[in-house]
Amino acid sequence: QVQLVESGGGLVQAGGSLRLSCTASGRAFSNYAMGWFRQAPGKEREFAATINWSGGLTKYADSVKGRFTISRDNAKDTVYLQMNSLKPEDTAVYYCNALRTIVDYRGPYFGSWGQGTQVTVSS
């Protein structure tokens, strides 16, 4: 499996921006599509964005479309999530994982779920 470490979360005011990073190790990073997911308190984990192995294809949840941008650097085994125009409802723990394709955000997952990174957006 792919080991994943997320970072970059924090506390930000509504309308602000954050950039999350997820660094992978253990298997060939460029073999996989990658996805960002989030879990708010009391809710199930949900899909936010996915990107294919080359970075040429992306998919976004309607709730983040136009505000979030997913990208990757295969030379650094890292996937990013640029989050702009943040809203209080974006508050969640954000996770990444490795996927087969950008539409396989329901699984299977090829990475071990990390601890995630907390994003808190104040109003």
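All of the numbers you see were taken from the coordinates with simple rules; none came from a lab. Predicted model only: the values in this text are computed from it and were never measured. A quick note on method: Cβ atoms are made from the backbone with ideal geometry, for glycine too, and the neighbour counts reach across all protein chains shown.
Based on alpha-carbon atoms, the Kirkwood radius and the radius of gyration of the range 31-123 give Rg/Rh equal to 0.94.
Relative to the Cα centre, the charge distribution of the range 19-82, modelled as +1 at Lys and Arg Cβ and -1 at Asp and Glu Cβ, gives a dipole magnitude of about 100 debye.
Over 20 Å apart: what share of the alpha carbon pairs of the range 1-69 falls there, rounded to a whole percent? Each step should come with its number before you reach the end.
Values: 854 of 2346 pairs.
Looking at the range 1-69, the distances longer than 20 Å represent 36 percent of pairs.
Using only the alpha carbons of the range 80-123, what is the convex hull's orientation-averaged projected area in square nanometres?
Details: hull surface 15.3 nm².
Averaged projected hull area, Cα only: 3.8 nm².
For the pair S63 and R100, label points projected 7 Å from Cα toward Cβ lie 2.6 nm apart. Amide H contacts for L57 (H built 1.01 Å from N in the peptide plane; partners 5 or more residues away or on another chain; cut-off under 5 Å): N52.
Between R19 and S71, 0.36 nm times their residue separation minus their Cα-Cα distance comes to what? Intermediate values should be presented prior to the final figure.
Details: separation 52, 0.36 × 52 = 18.72 nm, distance 1.06 nm.
Length difference between fully extended and current span is 17.7 nm.
Charges were assigned to the Cβ only: +1 to each Lys and Arg, -1 to each Asp and Glu. The resulting dipole of the chain about its Cα centre is roughly 120 debye.
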